[in-house]
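This report concerns only the one structure given below.
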Amino acid sequence: MNKPFLLILMATVLTVLTGCQAGPKPIQAEYNLAGPPIEESATEVDGECLLHLVFPWEIEGNLSGTAITDYKILLHGPCSDEGGIGAFDETWVYSGTFDGELDGRSGTFDYYAFAEINDRLLTGQMAIVPGSGGGELANIVGVLSFEEVVGGDEPTPLSGYYYFNTSPTP
């Protein structure tokens, strides 16, 4: 057998074994705040502040729709109006639900993320919760990353990859 045929055969076998319909596809989008907080609270513990915030977001790009995100943010400083979010080094853990379209497929999925802020620079990673997809986004798997300067007015770029798992779930 020739090498190109073997490479194609190996790629096909790997795709079938991993349950992918095709290789990962890119996600390129931007997100913007879509309104005021739906919920907000702050609790100070040992000189640090634990914030609970829920915000709506608009997302545009090949991933487009709305998201509701539930944040748990640890500010490594006091709960005060001085500075606010981004003024201290922070650790963010959050989850949410997306409702919209990805490359023309309509549906929903849940996600979770971890992010940190250092010197007003937010960097993070987000993952689609396996098995959470609904509608035409059933069986979606994906990871995304983002980086933004806190307090800016520009939409934040969101990029990553996704695929659809076609393996039967046990």
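Of the residues G152, G133, only one is open to solvent by less than 80 Å² (accessible area, probe 1.4 Å) and free of Cβ contacts under 8 Å to residues at least 12 places away in the same chain; which?
Exactly one of G152, G133 is open to solvent by less than 80 Å² (accessible area, probe 1.4 Å) and free of Cβ contacts under 8 Å to residues at least 12 places away in the same chain, namely G152.
Based on this model, can you work out whether G160 counts as small (G, A, S), open to solvent by less than 20 Å² (accessible area, probe 1.4 Å) and within 22 Å of G61 (Cα to Cα)?
yes
State yes or no: is D70 under 30 Å from T166 (Cα atoms), in contact (Cβ under 8 Å) with a residue 24 or more places away in the chain, surrounded by 15 or more Cβ atoms within 10 Å (Cβ to Cβ) and touching a His at 6+ places or on another chain (Cβ under 9 Å)?
So D70 fits the description; yes.
Could you figure out which of (1) free of Cβ contacts under 8 Å to residues at least 60 places away in the same chain; (2) within 17 Å of M126 (Cα to Cα); (3) touching a Gly at 6+ places or on another chain (Cβ under 8 Å) isn't true of G47?
With respect to (1) free of Cβ contacts under 8 Å to residues at least 60 places away in the same chain; (2) within 17 Å of M126 (Cα to Cα); (3) touching a Gly at 6+ places or on another chain (Cβ under 8 Å), G47 is out only on (2).
Results for (1) at pLDDT 85 or above; (2) in a loop (DSSP other than H, G, I, E, B), shown as yes or no for each residue.
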position: M1; (1), (2): no, yes
position: P4; (1), (2): no, no
position: V13; (1), (2): no, no
position: L17; (1), (2): no, no
position: G23; (1), (2): no, yes
position: P26; (1), (2): yes, no
position: S64; (1), (2): yes, no
position: D70; (1), (2): yes, no
position: I73; (1), (2): yes, no
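If you check P56 against the conditions, is it in a strand (DSSP E or B), within 17 Å of Y31 (Cβ to Cβ) and open to solvent by 70 Å² or more (accessible area, probe 1.4 Å)?
Answer is no for this residue.
One residue is enough: does region 101-116 have a residue meeting the conditions assigned to a strand (DSSP E or B), at pLDDT below 95, in contact with an Asp or Glu (Cβ under 6 Å, 6 or more places away or on another chain) and surrounded by 14 or more Cβ atoms within 10 Å (Cβ to Cβ)?
The answer is no; no qualifying residue exists.
The values are calculated or read from the model by the stated rules, or taken from the named source; none is laboratory data. These figures come from a predicted structure and were not determined experimentally. No Cβ is skipped: glycine too gets one built from the backbone with ideal geometry, and neighbour counts run over all protein chains shown. The area values use the complete protein model at the heavy-atom level, side chains included, leaving out ligands, DNA and RNA. Shrake-Rupley method; radii C 1.70, N 1.55, O 1.52, S 1.80 Å.
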